[in-house]
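Okay, so here's the structure we're looking at.
FYI, it's all coordinate maths here, none of it is from the lab. Being a predicted model, the structure only gives us computed values, none of them experimental. Here Cβ is always computed from backbone atoms with ideal geometry, including for glycine, and neighbour counts include all displayed protein chains.
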Amino acid sequence: MTAKEAKIRVDFLRKNIEEHNRRYYVESAPSVSDFEFDLLLQELQALEKKFPELQSAASPTQRVGSDLSEGFTQVAHKFPMLSLGNTYSEDELREFDARIAKAFDEPYEYVCELKFDGASISLTYQNGVLQRAVTRGDGVQGDDVTANVRTIRAIPLQLQSGNFPKEFEMRGEILMPHSSFEKLNKEREEAGEMPFANPRNAASGTLKLLDSKEVAKRNLDNFVYYMLGDELHFSSHNESLEAAKSWGFKVSEHTQKCKNIDEVLAFIHRWDKDRKDLPFDTDGVVVKINSYAQQRALGYTAKTPRWAIAYKFKAEQARTKLLSVDFQVGRTGAITPVANLEPVRLAGTVVKRASLHNADQIALHDVRIGDMVFVEKVGEIIPKIVGVDISERISQVFDFQYITNCPECGTPLVRIEGEAKHFCPNENGCPPQIVGRIIHFVARKAMNIEGLGEETIELFYRKGLVKNVGDLYDLKKEEIAALDRMGEKSAENILQSLEESKKVPFARVLFALGIRYVGETIAKKLAEAFGTLDALQNATLENLLAVDEIGEQIAKSVLAFFAEEKNQLLLSKLREVGLCFVAEKKQQTSSKLEGLTFVITGTLSRPREDFKAVVDEHGGKVITAISGKTSYLLAGEKAGSKLEKAAKLGVKILDEQQFFDLIN
Ligand code: IVH
């Protein structure tokens, strides 16, 4: 590969990986498996190593991911929370062992542990009492979630007995067992809320709840796997785990000392099979050098210890029969082939349907009706077909024919260059597209109109009450109340919610319009950059491309949307109805705080975002970590470590009143 080709590939990988990161961390809706994601990341790492001139601080290889959120106090980790090097390959595991063998003339042994798939946590104990529980965050600082963690019964609040050090830290994983996960998702679905994609997201989402009573109801579990401290009196990792167990921590019973790499591999093979029977998720095995002296001798790279590695299992697969294929039409007209399968158990649930993605994927795997196929879970919720068991193919099965016309409206399908999917171009007449756009419009992250589920919208459409999102605002109470399963009360609620949607900020209205490629983030960027619908409508290709993160595809899609007369009509209707087409003023109104940095902590009378907006408005900057260079700490009630740190560093401390005095 030439340097020029490498650059193109590196740019492509970075963009792609960032998008997957966003889907995973921001939307909790990953579209690739961890395996595929790690392959992309590994490819990027390799290229950056081979072409060091392409390295960049902004590359996704440089970040460890962050789960920092508003609403929690951020605390610096005493020992940074590193990640582990990982591999899916046995050969690479043997290479890891060869590196270790080369480093020592003496024998060494490993400890193998399950790699728990949850949320990592740092637990600090002083004199045997749990002082603080902090999430991983960005590895350097995390969120203080002590109140929530105290509700987890597997975590001792006070150690019972034993010769524990005065101060030490336990690292472990917070897990949501399958039984709790299924119960929680059932409750969420019944309440009309989005189910969690997998137990890991459910565990980390639960840790970030602001109400610890709710956390207590969710039955989180915990295993610890790593002890840290300045005065540990052990000579090996295994000893520290044994001690932790005796002090009351939960250490997995499936932890095993191994004398050589073959024993390690045997442990891995066993658990790749047996993990299906565990009551929680594991995504691999962690292999650690047991002796502390040897760990110290091996040391660390910038981000990972050299004395440990994670072997990751490939996603669980199931084998079942492909019965038939349906074709679904999305709100953008995109066609998705969906396989109907003979029901099969996979990673804790029964799978009956799986995505076949597009015609290319079907051709790639040469999928035919009647085949035995392999199914895998992507992000653990939408299963997909990843291959065919050709050995089982019966000769009389026919070649698979992809449809040529829309299964819903009969319009001939089109395939746009560069797009993997077929599209139904009949956007104004194809029912699932029309209904899909309305469903998108009312969704919680868009206009958040309550009481309008998919079925209700379909009903409105079938009865001719609503043909586009503008019609929603013409609905009459009597019309709604007269429909099946509706009554006065539900009608009133819907109208009330429609009324309230008029206060939804411009960025979300823009997202709700369902312009292709304009997701939540892009909508925010556009709203911020242009400020008003008028300005956005008048924007040229150049204006759009000048906005951070807006590329040609998005820009062209925005232009195409506004160029259509029917969209113009819809927008004037929505404007008339009173939807918000002007972004909240984010412009700076003064430069009173120019050059000043603020850290905000503790409980204030309003959300932190509001104070941040005030600082922004006056030209100041809000940062998360406090240092000697910070100008002010705005401290609310119950401010913790940051207050202490500010005092120590001589940073000026303000309460709310003093903060406003400063501006006025
Ligand atoms: S040891 C310095 N052991 O895997 C080594 N980690 O990328 C510290 N994990 O963020 C980690 N099970 O959350 C270790 N038995 C185990 C683990 C484990 C799960 C997670 C941990 C960490 C990630 C490593």
Long-range HN-HN contacts of Phe168 with modeled amide H, under 5 Å: Tyr125
Residues whose modelled amide H sits under 5 Å from the amide H of Val367, counting only those 5 or more places away in sequence or on another chain, are none
Quick check: from the Cα gyration tensor, does region 82-225 come out rounded (a/c under 1.5), prolate or oblate? oblate
To the nearest 20 debye, what charge dipole does region 94-211 have about its Cα centre, counting +1 at the Cβ of each Lys and Arg and -1 at the Cβ of each Asp and Glu? 180
Ranking Ile600, Asn290, Leu662 by how far each Cα lies towards the positive end of the charge dipole of the chain (+1 on Lys and Arg Cβ, -1 on Asp and Glu Cβ), the top one is Leu662
Residue exposure sequence - Val547, Val285 - by fewest surrounding Cβ within 10 Å: Val547, Val285
Place a +1 charge on the Cβ of each Lys and Arg in the chain and a -1 charge on the Cβ of each Asp and Glu, then give the dipole magnitude about the Cα centre in debye, rounded to the nearest 20. 800
Out of Ala154, Leu465, Asn567, whose Cα points farthest toward the positive end of the dipole of the chain (charges: +1 Lys, Arg; -1 Asp, Glu; placed on Cβ)? Ala154
Of all GluC sites (Glu not before Pro) in region 134-197, which ones are in loop regions per DSSP and have a Cβ with at most 13 other Cβ atoms within 10 Å? Glu193
Rounded if a/c is under 1.5, else prolate if a/b is larger than b/c, else oblate: which is the chain, with a ≥ b ≥ c the root eigenvalues of its Cα gyration tensor? oblate
Under the rule that a partner needs its Cβ under 4.7 Å from the first Cβ, which Cys of the chain have none? Cys112, Cys258, Cys580
For region 358-366, take each phi angle, set θ = phi - 60°, evaluate the Karplus expression 6.51 cos²θ - 1.76 cosθ + 1.60, and give the result in whole Hz per residue in order, putting x for glycine and proline. 6, 4, 5, 5, 5, 5, 4, 8, 6
What is the set of long-range amide H partners of Tyr226 at a cut-off below 5 Å, with H atoms built 1.01 Å from backbone N? Arg171
Centroid-to-centroid separation of region 443-485 and region 172-242 [C-alpha atoms, Å]: 39
Among Asn493, Leu643, Thr521 - extreme Cα towards positive end, dipole of the chain, charges at beta-carbon: Leu643
Run the paramagnetic zone check for Asn543: 7 angstrom along Cα to Cβ, then residues of region 495-520 with backbone nitrogen under 17 Å. 507, 510
Quickly work out the Asp471-to-Glu419 label distance, labels modelled 7 Å from Cα along the C-beta direction, and quote it in nm with one decimal. 2.4
Ordering 512-518, 229-235 by per-residue average of other C-beta atoms within 10 angstrom, highest first, gives 512-518, 229-235
Identify the residues of region 647-663 with backbone N under 20 Å of a label point that sits 7 angstrom from the Cα of Ser591 along the Cα-to-Cβ direction, or state none. 662-663
Cα-based shape type of region 489-615, given that a ≥ b ≥ c are square roots of the gyration tensor eigenvalues and the cut on a/c is 1.5: oblate
Which whole-Hz couplings ³J(HN,Hα) result when phi for each residue of region 139-146 is put into the Karplus expression 6.51 cos²θ - 1.76 cosθ + 1.60, θ = phi - 60°, listed in order with x for Gly and Pro? x, 9, 9, x, 8, 7, 10, 3
Under the Karplus relation 6.51 cos²θ - 1.76 cosθ + 1.60, θ = phi - 60°, what is the ordered set of whole-Hz ³J(HN,Hα) values for region 529-540, x standing for Gly and Pro? 6, 9, x, 9, 5, 4, 4, 5, 5, 8, 5, 8
For Lys78, list the aspartates and glutamates whose Cα falls under 17 Å from its own Cα; do not include residues on the same chain fewer than 8 positions away. Asp138, Asp143, Asp144, Glu167, Glu169, Asp230, Glu231, Glu644
Order the peptides 78-88, 307-317 from the highest to the lowest mean number of other Cβ atoms within 10 Å of their residues. 307-317, 78-88
